[in-house]
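Below: the structure, in structure tokens.
The values are calculated or read from the model by the stated rules, or taken from the named source; none is laboratory data. Note that the structure is a prediction, hence the values are computed from the model and not measured. Cβ atoms come from the backbone with ideal geometry, glycine included; neighbour counts cover every protein chain shown.
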Amino acid sequence: MARLTLENLFKRYDNKDKKKVHDYAVNDLTLNCVDGEFVALLGPSGCGKTTTLRMIAGLEDITGGNIYIGDTLVNDLHPKDRHIGLAFEDYALYPPLTVFENIAFNLRAKGLKNDEVHERVMKIAPLLKVEDLLKKMPVNLSGGQKQRVNIARAIVRHPKLLLMDEPLSHLDGKMRQALRTEIKRLHNNIKCTSVYVTHDQLEAMSLADRIAIMDHGVLQQFGTTMEIYDDPVNEFVAAFIGEPPMNILETTIIKLEKEFYFSFEESDLRILVPKRYYKKINDGMLVKMGVRPMDVFIGDADSKGTPIRVAMFENLGDERRIGVHVGDKLLMLITSDEVRYKRDELIKLEVSGEKTHLFDVKTGLRIRE
């Protein structure tokens with residue numbers, strides 16, 4: 001195992017016109033991963049997560065900053081000298097070689113003796129459940145089997161650092177779920193520091209000890225799943241994590257008698273502002289209010305909640321999703337009630353005020369109580 005340290009990491013690609021340059025693909029990224037930790041780099045396409053992984057692997061030159069694996073500065077080290085294992089999105093198996101020889105390829109390239117190569121392959125094969133596939137050719141494997149071989153080839157080298165670039169993206173839903181479980185089990189077995197690139201928040205949340213969320217090359221937040229879910233630092237993180245995503249609505253705060261309320265344009269909906277925000281707000285202030293669908297409730301007949309019409313209803317078996325229009329925005333809520341709701345049916349809406357979040361309209365940063 002080895003800790004991974006990224007210090008003020010930059011990456012910029014020049015285009016053909018040398019007078020112009022693209023924005024930084026990775027912009028001042030600092031990250032510290034402890035020994036044996038499983039870290040996910042999460043974000044939308046083009047956010048810089050794969051570029052970061054490739055710089056760690058030595059496949060991309062860095063524009064600025066430092067990369068340490070353990071105590072070793074690896075900026076100028078060749079990939080083969082960084083003691084890493086790398087599993088790509090594409091399986092990249094060698095078609096003329098058997099599964100055994102695919103896994104053994106890097107070991108043979110290092111000049112290991114046949115006995116040691118055989119011992120290592122036979123030790124790693126059961127961990128990835130490919131021991132029955134060793135004599136097969138890649139053409140005869142399913143997508144899930146190919147990815148298992150791909151990962152086996154990465155870890156058979158006994159890497160200090162295991163890097164995985166969206167290894168499940170080509171698999172169907174059921175296979176993704178099964179292999180996700182295997183990757184977590186594997187990480188616990190080999191006790192290797194792992195960095196996992198994905199755009200799938202479910203993969204990141206289920207696999208990682210900590211998640212680094214990136215956008216436009218900038219690290220937005222780094223923390224555990226619950227830290228990011230319950231305590232997002234800005235609107236981007238709040239909206240990106242969670243399924244369905246957090247409801248984020250622009251609202252004007254109004255004062256009625258001694259209490260403040262969230263009000264919404266072209267809607268009669270009023271939501272009481274938690275008193276913890278009173279020192280940060282004022283009458284007429286424009287903010288964005290965020291609340292997760294599971295923190296919005298349907299009131300009963302005696303509820304003081306605001307009546308509002310159902311815009312959509314989805315029955316997903318274990319939960320029901322209801323959408324209501326708040327002005328020109330759709331606010332989603334989740335319920336486990338067995339009741340089926342029809343479009344335009346009136347329901348009373350209640351919001352867990354203590355679960356609301358406030359964001360600055362201009363910067364998107366969280367307004368903390």
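Checking Arg153 against (1) under 22 Å from Thr50 (Cα atoms); (2) modelled with pLDDT under 80, which test does it fail?
Answer for Arg153: the failing condition is (2).
Could you count how many residues in segment 204-224 are under 13 Å from Lys184 (Cα atoms) and of a type in the set (A, V, I, L, M, F, W, C)? Lay out the reasoning, then the answer.
Looking only at segment 204-224, we keep the residues that are under 13 Å from Lys184 (Cα atoms), and these are 204-209.
Within this subset, residues satisfying the condition of being of a type in the set (A, V, I, L, M, F, W, C) are 204-205, 207-208.
Adding up the residues that qualify gives 4.
If I filter segment 269-292 for residues that are part of a strand (DSSP E or B), over 17 Å from Lys355 (Cβ atoms) and polar (S, T, N, Q), do I get at least one hit?
Taking every residue of segment 269-292 in turn, none turns out to be part of a strand (DSSP E or B), over 17 Å from Lys355 (Cβ atoms) and polar (S, T, N, Q).
Mind checking which residues of segment 128-154 are of a type in the set (A, V, I, L, M) and touching a helix residue (DSSP H, G or I) at 6+ places or on another chain (Cβ under 6 Å)?
Of all residues in segment 128-154, those of a type in the set (A, V, I, L, M) come to 128, 130, 133-134, 137, 139, 141, 149, 151-152, 154.
If the condition is that a residue be of a type in the set (A, V, I, L, M) and touching a helix residue (DSSP H, G or I) at 6+ places or on another chain (Cβ under 6 Å), then Leu128, Val130, Leu133, Leu134, Val149, Ala152 are the ones that fit.
Taking the options Asp28, Asp76, Asp14, Asp71, name whichever one is among the acidic types (Asp, Glu), over 23 Å from Asn150 (Cα atoms), in the same structural domain as Asp200 (by TED's automatic domain parsing) and in contact (Cβ under 8 Å) with a residue 12 or more places away in the chain.
Every option except Asp28 fails the conditions.
Which condition breaks for Asp283 when tested against (1) over 28 Å from Glu338 (Cα atoms); (2) surrounded by fewer than 18 Cβ atoms within 10 Å (Cβ to Cβ); (3) touching a Leu at 6+ places or on another chain (Cβ under 8 Å)?
Going through (1) over 28 Å from Glu338 (Cα atoms); (2) surrounded by fewer than 18 Cβ atoms within 10 Å (Cβ to Cβ); (3) touching a Leu at 6+ places or on another chain (Cβ under 8 Å) one by one, Asp283 breaks only (3).
Restricting attention to segment 212-268, and to residues there that are in a loop (DSSP other than H, G, I, E, B) and of a type in the set (S, T, N, Q), which single residue is modelled with the highest pLDDT?
Residues of segment 212-268 that are in a loop (DSSP other than H, G, I, E, B), as a first pass: 216-217, 224, 231-233, 241-246, 257-258, 264-268.
If we keep only those that are of a type in the set (S, T, N, Q) too, we end up with 224, 267.
Details: Thr224: 96, Ser267: 88.
Applying the filter and picking the extreme gives Thr224.
Filter segment 302-324 for residues that are exposed (fewer than 13 other Cβ atoms within 10 Å of the Cβ) and part of a loop (DSSP other than H, G, I, E, B); which is farthest from the chain's Cα centre (by Cα)?
Asp302
Can you work out which of the residues in segment 89-126 that are among the hydroxyl-bearing types (Ser, Thr, Tyr) and surrounded by 13 or more Cβ atoms within 10 Å (Cβ to Cβ) is modelled with the lowest pLDDT? Step through it out loud before you land on a result.
Residues of segment 89-126 among the hydroxyl-bearing types (Ser, Thr, Tyr): 91, 94, 98.
Now narrow it down to the ones that are surrounded by 13 or more Cβ atoms within 10 Å (Cβ to Cβ): 91, 98.
Numbers: Tyr91: 76, Thr98: 96.
Step by step, filter segment 89-126, then rank; the result is Tyr91.
Determine, yes or no, whether Tyr229 is more than 15 Å from the chain's Cα centre (by Cα) and among the aromatic types (Phe, Trp, Tyr).
Taking the combined requirement at face value, the residue does not satisfy it.
Enumerate the strands (runs of 3 or more DSSP E) found wholly within segment 1-101, keeping only those where 1 or more residues are more than 25 Å from Gln221 (Cβ to Cβ). Give the derivation first.
Numbers: elements: 4-14, 21-33, 38-42, 64-69, 84-87.
Hits in segment 1-101: 4-14, 21-33, 84-87.
Taking interchain pairs and intrachain pairs at least six residues apart, which have beta carbon atoms under 7 angstrom, with the first residue in segment 345-357 and under 23 Å from Ile241 (Cα atoms) and surrounded by 14 or more Cβ atoms within 10 Å (Cβ to Cβ) and the second at pLDDT 90 or above and small (Gly, Ala, Ser)?
Listed by first residue and then by second, the contacts come to Thr356/Gly290; His357/Ala238; His357/Gly290.
Only one residue in Asn32, Asn27 is touching a strand residue (DSSP E or B) at 6+ places or on another chain (Cβ under 8 Å) and over 12 Å from Leu4 (Cβ atoms). Which one? Steps first, please.
On the way: Asn32 fails: over 12 Å from Leu4 (Cβ atoms).
Every option except Asn27 fails the conditions.
From the list Lys129, Lys174, which residue is outside any helix (DSSP H, G or I), surrounded by fewer than 22 Cβ atoms within 10 Å (Cβ to Cβ) and of a type in the set (Lys, Arg)?
Numbers: Lys174 fails: outside any helix (DSSP H, G or I).
From the options Lys129, Lys174, the qualifying one is Lys129.
Please specify each residue of segment 277-305 satisfying the condition of being more than 26 Å from Glu243 (Cα to Cα) and at pLDDT 90 or above.
Residues satisfying the conditions are Tyr277, Tyr278, Lys279, Lys280, Ile281, Asn282, Asp283, Gly284, Met285, Leu286.
Check whether at least one residue in segment 327-342 is in a strand (DSSP E or B), in the same structural domain as Pro274 (by TED's automatic domain parsing), at pLDDT 85 or above and farther than 19 Å from Pro244 by Cα, and report yes or no.
no
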